[in-house]
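One structure below.
The values are calculated or read from the model by the stated rules, or taken from the named source; none is laboratory data. Just so you know, these numbers come straight off a predicted model, no measurement behind them. Counting neighbours? That spans all protein chains shown, and the Cβs are built from the backbone with ideal geometry, glycine included. When the accessible area is computed, the model is the full protein with side chains, heavy atoms only, and any ligands, DNA or RNA have been set aside. Shrake-Rupley method; radii C 1.70, N 1.55, O 1.52, S 1.80 Å.
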Amino acid sequence: MRLYAMAVYAFLYLPIAIIALFSFSAGRSASSMQGFSLTWYGRALNNPFVMEALWTSVKVAFLSACLATVVGTMAALALTGMKGRVRRVFDLAVQIAVMIPGIVIGIATLIALVTVFDLVNPWFEPLTGMKLSLGTGSLIGAHGLFTMSLVVLLVRGRMETLDPALVEASNDLGATPFGTFRQVTFPQILPAIMAGFLLAFTFSFDDFIIAFFVAGAETTLPIYVFSSIRRGVTPEINAIGTMVMAASLLVLIGAQLMLRRSQAQPRR
Amino acid sequence: MAMTRSRARALLLTPAGLWYAAMLLMPLAVVLIFSFGERSQIGGYAPGFTLEQYANLPARFAAFRNTLTLAPLGTLASLLIAYPLAYYLAVKVSPKWKTMLLVLVIVPFWTSILIRSYAWIFLLGGKGIPALLAMAGLEDVRLLNTPFAVLVGIVYGYLPLMVFPIYVALEKLDKRLLEAAADLGTPPWRAFVQITLPLSMPGVLTGSMLVFILLMGEFLIPSILGGGKVFFVGNALVDLFLQSRNWPFGSAVAVGLVVVMLVVVGLYTRAAKRFGVGRDDAALM
């Protein structure tokens, strides 16, 4: 049994370890180890295409995570304890957003936005001098759609475990609704909100399939990596992959700590 | 503060509502409408109402067939590998190590699946496992760009998602049931078959459902490890929308994918109900 578990862990981590190992190779071959160096990290970090793609990815991940967290938290606050048709409609929307395959969201967003832009641009362009097109905006919108739904689920889940007596006590003691929110509710749901933000960020940063359709002329890091792989494996990709995985790992550890704080009842 | 509760709620819900309307409902409606349309001369969409696109679906039969064989197979393989591990984590491991081992299972899932699939190019490629097999006397084994490679990638990618729900179900299991069975002289394997396995079914069903749903829309794994030979509906969609720009037909394929997915999930849920899986567990999905 134990041996089996060890084998599964080896299966899970060996491929990752191999990429990390090869990324330190000094040679030109992506699939063997020739000496030890940080050459390929230097190459990757000095490659303007990589840096531009990285910047786009970080920008999109950060903005979509911020928006998704704020909007999702607002919706979760309103939906908690709510009944009736509006609640059912929102529950359905959240479910659809989570269940529909990313690839379908991607193509749907692509054809819908291109169609709308084609309709709107003839009068929008002369008015503003700008042309609407796919890019950072559509990336943020499409990523945020999914991650906002995650935030709603996380924050609402947390809200439902809160002790209503605390809010009642605060109201009885004469706090305004906003005061109660700020001093009682918000501190208790903050860990769930933060965890939602970090998950939203990682999702957006790692997403390939939605971005592939809606990125327009922009290139995100996963799109860059994918098209490089298509041209053949290089040690540079190993270095980028290792860095990306290390970064995701850091963010995840953060999310994990937040969630743990969220699950342990804060007592202050 | 004259604002009523319902007005506050409406204000809080407006941004999310607009977002869902503009980025979810409107695009899905467009896909549905386009799937009944015609292809314009320059690619893209021309208005119309025809069932031609749907009638044309058999042209992508191979993609649907591959998806509908490899997605269930991949789900099954993940399940068979995940169950013993989940069992080990839930029942055998001391609490001290449990959290850490569990986190170690989840972590890969949240790192880029693109890079994790890419890693298997090395392992399955000429210098990887085939080279080892050649040393063992098995010459000329090709692994990369085969259905097997795609299956390995699938199991590798989605194993964590399968382990977790099964672990949760096994963890909840009342150990006293097993003790009682042992006291009554039940051999361990029978206790497993009659108690542990049925009680862990909710986790098994949730995990399988999650993995299956994600696999139905898979594109990356077949495209990286299948090398264009083993393609899914996802690959057909990329081709139709980004290369040949046949939007109406692509929309019909997308609608077909969602419908097939819903049908399988529906059948599965019905089967799950027969196993006595309650609504609480279904909510997990």
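For the peptide B:234-243, the mean number of other protein chain Cβ atoms found within 10 angstrom of a residue's Cβ is 3. Its Cα gyration tensor gives segment A:51-263 an equivalent ellipsoid; the semi-axes, largest first and in whole Å, are 35, 24, 15. Within the listed set A:L54, A:L221, A:L162, the Gaussian network model of chain A (springs between alpha-carbon atoms below 10 Å) gives the highest mean-square fluctuation for A:L162. Rolling a 1.4 Å probe over the protein chains gives A:T176 an accessible area of about 70 Å².
Computed about the Cα centre, the dipole magnitude for segment A:99-203 is approximately 220 debye when only Lys and Arg (+1) and Asp and Glu (-1) carry charge, each at its Cβ. Reducing segment A:237-260 and segment A:104-133 to their Cα centroids gives an inter-centroid distance of 35 Å.
Spatial offset of segment A:152-218 relative to segment B:57-127 amounts to 30 Å, using the alpha carbon center of each.
The H on the amide N of B:A46, modeled in the peptide plane, is under 5 Å from the matching H of B:E38, B:R39, B:S40, each at least 5 residues off or on a different chain. Using a cutoff of 8 angstrom between alpha carbon atoms and counting only pairs six or more residues apart, the relative contact order for chain A works out to 32 percent.
Ordered by solvent-accessible area of protein heavy atoms (1.4 Å probe), largest first, the residues B:S244, A:S138 come out as B:S244, A:S138.
Which residues in segment A:149-171 place their backbone N less than 18 Å from a point set 7 Å from the Cα of B:R5 along the Cα-to-Cβ direction? Once the point is set 7 Å along Cα→Cβ of B:R5, A:159-171 turn out to lie under 18 Å by backbone N, inside segment A:149-171. Dipole orientation for segment A:51-263: of the candidates A:T180, A:S64, A:V104, A:T180 has the Cα lying most toward the positive pole (charges on Cβ; Lys, Arg +1; Asp, Glu -1). Think of it as helices only: each DSSP H run of n ≥ 4 in chain B is worth -39500 (n - 2.57), and spread over all residues that comes to -21000 deg cm²/dmol at 222 nm.
Compared with its chain on its own, segment A:46-92 contains the following residues whose accessible area drops by 30 Å² or more in the full protein assembly (probe 1.4 Å; ligands, DNA and RNA excluded): A:V71, A:M74, A:A78, A:M82, A:F90. Under the membrane-span-like helix rule (DSSP H runs whose alpha carbons stretch at least 20 Å along the helix axis, mean Kyte-Doolittle hydropathy 0.0 or higher), chain B yields B:5-20, B:61-87, B:147-172, B:197-216, B:247-274.
By a 1.4 Å probe calculation restricted to protein chains, B:Y45 has an accessible surface near 60 Å², given to the nearest 10.
Between chains B and A, what is the buried accessible area summed over both chains (1.4 Å probe, protein heavy atoms, nearest 100 Å²)? Protein heavy atoms only, the B-A interface buries about 6700 Å².
Residue order by solvent-accessible surface for A:E125, B:E52 is B:E52, A:E125, largest first, with ligands and nucleic acids left out and a 1.4 Å probe.
Between the beta carbons of A:D118 and B:W97, assuming R0 = 45 Å, the FRET efficiency works out to 0.20 to the nearest 0.05.
Of all the options B:L225, B:L114, B:L133, the one that moves most in a Gaussian network model of chain B with Cα springs shorter than 10 angstrom is B:L133.
Of the accessible area of the protein assembly as shown, computed with a 1.4 Å probe over protein heavy atoms only, carbon and sulfur atoms account for 68 percent.
Let's test the formula: R0 of 45 Å, r as the Cβ-Cβ distance of A:F62 and B:A180. What FRET efficiency results, to the nearest 0.05? Efficiency, rounded to the nearest 0.05: 0.25.
Of B:S94, B:S117, the residue with the largest accessible area leads and the full order is B:S94, B:S117 (1.4 Å probe).
Hydrophobic long helices, here whole DSSP H runs in chain A with Kyte-Doolittle means of at least 1.0 and Cα atoms spread over 20 Å or more along the helix axis, are found at A:2-23, A:48-79, A:102-128, A:186-206. Solvent exposure of B:Y20, expressed as accessible area, is near 10 Å², computed with a probe of 1.4 Å over the protein chains only. Scoring B:101-108, A:99-106, A:45-52 by mean Cβ neighbours within 10 Å over their residues and listing the highest first yields A:99-106, B:101-108, A:45-52.
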